[in-house]
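Throughout, read-outs are computed from the coordinates displayed, never taken from laboratory work. Because the structure is predicted, anything quoted here is derived from the model rather than measured. All Cβ positions, glycine included, derive from the backbone under ideal geometry; neighbour counts span all protein chains shown.
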Amino acid sequence: MYLLNMIRNRRTKKPKVAIVSLTSCEGCQFVMLDQGQRFLDWLKKTNLEEFRLVEDEPMTAKHYDICFIEGNPVTRDNIKLLKHLRKTSDLLVVVGNCAALGGVWEVKNYQSKQKTIKQVYKKLKVENPDIKEVNNFVKVDFTIPTCPIDGDEFMRIANNLIDGLDPKIPQNPVCYECQTSGYECLLLKGEICLGPITLAGCKAVCLKSKQACWGCRGLFDNAKVFNFMTHLLNNFPREQVYRVMEVFGAKDTIMAELAREQKIKIPIKK
Ligand code: SF4
Ligand code: SF4
Ligand code: SF4
């Protein structure tokens, strides 16, 4: 309803939109551009105030109807910008795995942080905070997951937002799309695959290439995390299970869900 009210209240004029990246590879913004004509058609329905991939002019607008945030608030400047955008935006939508789950850089949280940073910055002293997804800093109104985002899903949700419809992502596991596409089950073959607890919507793209799901879309609502983790930990070495969960930043979310169920406690850090 937040969305419908926001859009209806401003029905007479095109919504002001910002597309902003924090620390990211900008791959999700490239997916938007890759949509070609249908992205341009969507843009025509908006007043695009910011699109950081294609311009670097200072941000001057005092208000946005919708702000799309790509990337992770790694630096102090990122956090400051994120908080500013939250204050100035009616609707804040996170785009992609980095913003939604922490992204590949969250791996650092589980390693020796000082050693890791020294491999890159041998002499410089740099800030080295834990990596945390956007919703640790500000309220998030909607999440468009995946690394990178799925173009069809992005266009559907982006159009819903502009048209005043409440966007929905069907709450199914990746297994559903995997099996309806006829792909071979890698879990049954002895590989760790997070498909049974991961939100569908990516068309099981990794399974299409015979690559197991590493959970980049996060959990779907009511995923049976305890049952599935019990299965994995009974059948695979713990460090292998953790390594897979860490690739796209899903581990802390999975552990938080386990803690919520209060059935088992597994330390998040090694
Ligand atoms: S989610 Fe993936 S593609 Fe998108 S910005 Fe992050 S690393 Fe890049
Ligand atoms: S391969 Fe993975 S996603 Fe596909 S059915 Fe098996 S567990 Fe599910
Ligand atoms: S199969 Fe899993 S890891 Fe691959 S894109 Fe889909 S959710 Fe992400």
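The figures follow:
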| item | result |
| --- | --- |
| Residue order, fewest to most beta carbons within 10 Å, for Asp34, Asp150, Asp252 | Asp34, Asp150, Asp252 |
| For Ser21, distant residues with modelled amide H under 5 Å away | Arg52, Glu70 |
| Cβ charges +1 (Lys, Arg) and -1 (Asp, Glu), total dipole of the chain, debye | 820 debye |
| Whole-Å distance, taken between Cα centres, linking segment 137-204 and segment 53-104 | 22 Å |
| Counting DSSP beta bridges with both ends in the chain, the antiparallel % (nearest 5) | 15 percent |
| Charge dipole (the chain, unit charges on Cβ, about Cα centre) - positive-most of Leu232, Asn47, Asn128 | Asn128 |
| Relative contact order for segment 2-163, counting Cα pairs under 8 Å that sit 6 or more residues apart, in percent | 29 percent |
| Signed unit charges on C-beta, dipole axis of the chain, positive-most listed residue Asn78, Gln35, Thr60 | Asn78 |
| Helix axis angle, 76-88 relative to the chain longest principal axis, alpha carbon, degrees | 50 degrees |
| Segment 174-261: relative contact order as a whole-number percent, Cα under 8 Å and 6+ apart | 28 percent |
| Value of relative contact order over the chain, rounded to a whole percent, pairs C-alpha under 8 Å and six or more apart | 19 percent |
| Whole-Hz ³J(HN,Hα) from phi, Karplus 6.51 cos²θ - 1.76 cosθ + 1.60, for segment 183-199, glycine and proline x | 7, 5, 7, 6, 5, 5, 8, x, 9, 6, 9, 8, x, x, 10, 9, 5 |
